[in-house]
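A.B. asks: Quick one: structure below, then a few questions.
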Amino acid sequence: MITAILAFLGGGLTILSPCILPVLPFVFARSEQRFVRSTLPLLIGMGLTFAAVGTLAAVGGAWAVRVNDYGRLLALILLTVSGLALLSETVADWLTRPIVALGSRLMSNPDAGIPGGIGPSLLLGIATGFLWAPCAGPILGLILTGAVINGPSAQTTALLIAYALGAMTSLALATLVGGRVFVAMKQSLGVGEWVRRGLGAAVLGAVVVIAMGWDTGVLTRLSVGSTNRVEQSLLNLIHPSEEPSAVTAAMTSGAMTGGAMTGGAMTGGAMTGGAMMSNTTHAGGPPIEGDFPPLTGAVSWLNSAPLTSEALRGKVVLIDFWTYSCINCLRALPYVTSWYARYKKHGLVVLGIHSPEFAFEKSESNVKRAVRDLAITYPVALDNNYAIWQSFNNKYWPAHYFIDATGRIRGHHFGEGNYDESELLIRQLLSEAGAHDLPPAVSDIRKEGVQASADEKEVSSPETYIGYDRAEHFASPGDFGRGQSKSYVAPDTLKLNQWALSGSWQAEPDKAVLLSAGGKITFRFHARDLHLVLGPGIDGKAVRFRVTLDGKEPGPNHGVDIDSSGAGVAREHRLYQLLRQSDGVRDRTFTIEFLDGGIQAYSFTFG
């Protein structure tokens with residue numbers, strides 16, 4: 001019941017999110033007509049479409065996402081025709097008669113003498129619902145995550161409907177108020193024709209906003225009061241949670257010795273619920289930590305059709321939780337790909353579970369590019385809703401889970417390192433499954449670029465986030481201008497691990513966005529390698545930059561993503577290696593100057 005109430009409240013908060021703004025003209029355009037026969041059916045149609053799309057997304061995977069994309073396209077076409085019919089009778093005459101008639105009926109243009117009705121209103125609501133569906137926050141994410149973990153159920157559908165009812169209620173109240181305003185305008189000012197044209201222009205403007213992707217992009221970023229924060233606060237009242245993190249060393253309760261995981265249940269990222277609580281002893285081998293959880297809930301699969309834990313019985317499975325901008329994941333990846341290449345013919349299946357840390361890592365095209373560039377050929381599941389992550393009760397990147405051929409978890413390892421022990425465990429599980437003539441174990445794995453092992457003895461600088469939610473050691477005077485444009489300056493000197501912005505930036509919870517060319521980021525660090533997660537401008541335009549080390553060109557100390565002069569270009573969202581020092585490690589000052597505006601800067605990592 002509490003979750004249902006939160007779902008209703010979360011839906012009600014949707015109207016405060018900027019991404020709902022393009023939908024409002026379609027609702028207000030019918031505000032002059034009877035609520036029961038016009039506005040109410042429209043809202044019901046919107047709610048039904050939203051709940052249906054949400055249910056499909058929860059249980060249907062990527063194909064349902066594509067269905068919603070096609071539905072949005074059809075809705076945009078339908079609403080464009082409707083807007084043109086409202087905007088101008090001359091324009092309407094240019095259109096074919098059937099389309100004009102349909103557009104006029106859907107928008108119920110009283111001046112054209114065409115009456116409104118429940119059917120057209122419901123149809124318009126269904127079309128508008130496809131445009132509304134992307135407006136979602138943490139509460140909807142909780143509902144969908146529960147759906148993908150536990151499977152489709154009447155409870156899931158009920159929660160989705162509760163969320164939709166909350167949004168419909170807030171829209172209905174706005175419509176009633178808006179309707180009175182519109183009626184007063186027509187009665188007192190006699191501008192009915194201009195109101196009708198204004199509504200048509202608003203509909204067409206909204207169509208443009210949605211078609212350009214601004215409804216879920218720019219408008220969301222321009223939010224003054226974040227509804228996600230309000231929703232998350234409600235969630236935290238009943239579901240307090242720990243933040244996931246990247247780790248650089250093993251965090252298991254038992255040491256991996258001789259290829260066996262010994263010891264008890266995990267700590268830190270403890271398996272505390274469901275089938276994961278089991279920790280019985282397996283004769284002659286590593287202990288049993290639990291059963292293989294379901295793999296349902298991925299929004300898409302790369303390199304494979306969707307897989308299930310049941311279908312993988314008889315195979316030894318390595319689960320690798322990763323995300324493509326995580327330096328720890330990238331440094332572990334050569335070992336994972338090597339194991340797959342050498343043991344796949346002997347019964348090993350590797351599954352990369354891509355659970356994003358940043359929003360850009362939810363983009364299928366971004367992940368596809370990363371998988372291609374990293375030469376990953378094993379199946380990768382896009383776990384954008386953290387469904388598989390939660391079924392394992394995981395909390396770390398990277399995290400490896402070792403599953404035997406009978407579907408039982410026999411070991412785990414968090415972070416980098418212990419690669420020899422991990423391979424020995426894989427070999428032991430394969431031998432248990434009947435594999436023979438295994439290739440020899442290999443510990444000397446070739447690693448290049450960002451995947452090269454860190455110089456741990458020299459790393460004295462921590463991962464540092466640039467977004468204000470998790471930023472530490474920020475040294476520019478006056479702190480962050482949260483969500484607002486602000487001109488920053490860097491102090492003359494920085495202490496070790498302090499960093500600063502210079503120029504005009506907009507600080508956001510997970511990143512900082514440069515508003516004009518010439519902005520800089522300066523960091524006083526101590527490590528051999530320096531990496532920075534960057535993204536191009538919101539419009540996708542590449543951003544040129546120049547790196548200096550202690551005020552000079554980096555020369556032989558340059559990383560793989562810049563040349564010796566320090567020049568580089570950010571063309572896509574990813575981790576950029578900017579420095580790899582070859583002349584000794586000491587406290588040094590890194591500066592990156594962006595020659596174009598629009599860069600999105602997320603986090604520093606070191607190695």
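The values are calculated or read from the model by the stated rules, or taken from the named source; none is laboratory data. Owing to the predicted nature of the structure, the values given are computational and were not obtained by experimental measurement. Cβ placement follows ideal geometry from the backbone for every residue including glycine, while neighbour counts extend to all protein chains displayed. These area figures cover heavy atoms from the full protein model, side chains too; ligands, DNA and RNA do not enter into them. Shrake-Rupley method; radii C 1.70, N 1.55, O 1.52, S 1.80 Å.
A.B. asks: Looking only at region 296-306, how many residues end up being assigned to a loop (DSSP other than H, G, I, E, B) and either within 11 Å of Leu351 (Cα to Cα) or open to solvent by 60 Å² or more (accessible area, probe 1.4 Å) (or both)?
C.D. replies: Residues of region 296-306 that are assigned to a loop (DSSP other than H, G, I, E, B), as a first pass: 296-299, 303-306.
Next, only the ones that are either within 11 Å of Leu351 (Cα to Cα) or open to solvent by 60 Å² or more (accessible area, probe 1.4 Å) (or both) stay: 296, 303-306.
Within region 296-306, residues that are assigned to a loop (DSSP other than H, G, I, E, B) and either within 11 Å of Leu351 (Cα to Cα) or open to solvent by 60 Å² or more (accessible area, probe 1.4 Å) (or both) number 5.
A.B. asks: Answer with yes or no whether Ile592 is under 19 Å from Lys520 (Cβ atoms), more than 22 Å from the chain's Cα centre (by Cα), touching a residue at least 12 places away in the same chain (Cβ under 8 Å) and outside any strand (DSSP E or B).
C.D. replies: Working: under 19 Å from Lys520 (Cβ atoms): yes; more than 22 Å from the chain's Cα centre (by Cα): yes; touching a residue at least 12 places away in the same chain (Cβ under 8 Å): yes; outside any strand (DSSP E or B): no.
Judged against the criteria, Ile592 is not a match.
A.B. asks: Check whether at least one residue in region 480-492 is among the hydroxyl-bearing types (Ser, Thr, Tyr), modelled with pLDDT under 95 and more than 20 Å from Leu575 (Cβ to Cβ), and report yes or no. If you could, list the steps in order and put the result at the bottom.
C.D. replies: The initial filter retains those residues of region 480-492 that are among the hydroxyl-bearing types (Ser, Thr, Tyr), namely 485, 487-488.
Within this subset, residues satisfying the condition of being modelled with pLDDT under 95 are 485.
Filter again for more than 20 Å from Leu575 (Cβ to Cβ), leaving 485.
Yes: region 480-492 contains one or more residues that are among the hydroxyl-bearing types (Ser, Thr, Tyr), modelled with pLDDT under 95 and more than 20 Å from Leu575 (Cβ to Cβ).
A.B. asks: Considering (1) β-branched (Val, Ile, Thr); (2) over 28 Å from Ile288 (Cα atoms); (3) open to solvent by 40 Å² or more (accessible area, probe 1.4 Å), say which one Thr406 fails and leave the rest.
C.D. replies: (2)
A.B. asks: Looking at (1) in a loop (DSSP other than H, G, I, E, B); (2) touching a Ser or Thr at 6+ places or on another chain (Cβ under 8 Å), can you tell me which one Ser460 breaks?
C.D. replies: Going through the list (1) in a loop (DSSP other than H, G, I, E, B); (2) touching a Ser or Thr at 6+ places or on another chain (Cβ under 8 Å), Ser460 breaks only (2).
A.B. asks: Considering only residues that are touching a Lys or Arg at 6+ places or on another chain (Cβ under 7 Å) and not in a strand (DSSP E or B), look in region 595-607 and name the one that is least open to solvent (accessible area, probe 1.4 Å). Full working, then the answer.
C.D. replies: Initially, region 595-607 is screened for residues touching a Lys or Arg at 6+ places or on another chain (Cβ under 7 Å), giving 595-596, 598, 600-602, 607.
Adding the requirement that they be not in a strand (DSSP E or B) leaves 595-596, 598, 607.
Details: Leu595: 53, Asp596: 34, Gly598: 17, Gly607: 0 Å².
Within region 595-607, the match that is least open to solvent (accessible area, probe 1.4 Å) is Gly607.
A.B. asks: Looking at region 423-454, which of its residues are in contact with a strand residue (DSSP E or B) (Cβ under 6 Å, 6 or more places away or on another chain) and closer than 29 Å to Thr605 by Cβ?
C.D. replies: Passing the criteria: Leu425, Val450.
A.B. asks: Test of understanding: among Glu458, Glu423, Glu448, which residue is under 30 Å from Gln577 (Cβ atoms), in contact with a Lys or Arg (Cβ under 6 Å, 6 or more places away or on another chain) and of a type outside the set (Gly, Ala, Ser)?
C.D. replies: On the way: Glu423 fails: in contact with a Lys or Arg (Cβ under 6 Å, 6 or more places away or on another chain); Glu448 fails: in contact with a Lys or Arg (Cβ under 6 Å, 6 or more places away or on another chain).
The match here is Glu458.
A.B. asks: Still on this structure, please answer the following. Within region 514-569, work out how many residues are open to solvent by 30 Å² or more (accessible area, probe 1.4 Å), touching a helix residue (DSSP H, G or I) at 6+ places or on another chain (Cβ under 8 Å) and of a type in the set (A, V, I, L, M, F, W, C).
C.D. replies: Looking only at that region, the number is 2.
A.B. asks: Would you be able to tell me the number of residues in region 368-397 that are out of contact with any Gly (no Cβ under 6 Å at 6 or more places or on another chain), modelled with pLDDT of 95 or more, under 14 Å from Leu333 (Cβ atoms) and open to solvent by less than 20 Å² (accessible area, probe 1.4 Å)?
C.D. replies: 4
A.B. asks: Shifting gears a bit: Across region 420-448, what is the total count of residues that are closer than 21 Å to Ala375 by Cβ and of a type in the set (Ser, Thr, Tyr)?
C.D. replies: Initial filter on region 420-448 (closer than 21 Å to Ala375 by Cβ): 422-423, 426, 439, 442-448.
With of a type in the set (Ser, Thr, Tyr) added as a condition, the list becomes 422, 443.
Residues that pass the stated criteria total 2.
A.B. asks: Would you check which residues across region 497-507 are open to solvent by 20 Å² or more (accessible area, probe 1.4 Å) and part of a strand (DSSP E or B) and list them?
C.D. replies: To start, the set of residues in region 497-507 that are open to solvent by 20 Å² or more (accessible area, probe 1.4 Å) comprises 497-498, 502-504, 506.
Hits for region 497-507 are Ser502, Gly503, Ser504, Gln506.
A.B. asks: If you don't mind, there's one more thing I want to ask. Look at region 547-584 and say how many of its residues are part of a loop (DSSP other than H, G, I, E, B) and of a type in the set (A, V, I, L, M, F, W, C).
C.D. replies: At the first step, the residues of region 547-584 found to be part of a loop (DSSP other than H, G, I, E, B) are 550-551, 553-554, 559-566, 571-573, 581-584.
Applying the additional criterion that residues be of a type in the set (A, V, I, L, M, F, W, C) yields 560, 562.
Residues that pass the stated criteria total 2.
A.B. asks: Is it true that Ser487 is in a strand (DSSP E or B), at negative phi, surrounded by fewer than 16 Cβ atoms within 10 Å (Cβ to Cβ) and without any contact (Cβ under 8 Å) to a residue 40 or more places away in the chain?
C.D. replies: Numbers: in a strand (DSSP E or B): yes; at negative phi: yes; surrounded by fewer than 16 Cβ atoms within 10 Å (Cβ to Cβ): yes; without any contact (Cβ under 8 Å) to a residue 40 or more places away in the chain: yes.
In short, yes.
A.B. asks: Also, quick follow-up: Would it be correct to say that Arg544 is part of a strand (DSSP E or B), out of contact with any Ser or Thr (no Cβ under 9 Å at 6 or more places or on another chain) and in contact (Cβ under 8 Å) with a residue 24 or more places away in the chain?
C.D. replies: Numbers: part of a strand (DSSP E or B): yes; out of contact with any Ser or Thr (no Cβ under 9 Å at 6 or more places or on another chain): yes; in contact (Cβ under 8 Å) with a residue 24 or more places away in the chain: yes.
Yes.
A.B. asks: Okay, moving on. Given the conditions (1) outside any loop (DSSP other than H, G, I, E, B); (2) of a type outside the set (A, V, I, L, M, F, W, C); (3) farther than 25 Å from Glu456 by Cβ; (4) open to solvent by less than 20 Å² (accessible area, probe 1.4 Å), and given that Ser309 satisfies all but one, which numbered condition is not satisfied?
C.D. replies: Result: Ser309 fails condition (1) only.
A.B. asks: Among (1) in contact (Cβ under 8 Å) with a residue 60 or more places away in the chain; (2) within 28 Å of Gly449 (Cβ to Cβ); (3) charged (D, E, K, R), where does Asp373 come up short?
C.D. replies: Result: Asp373 fails condition (1) only.
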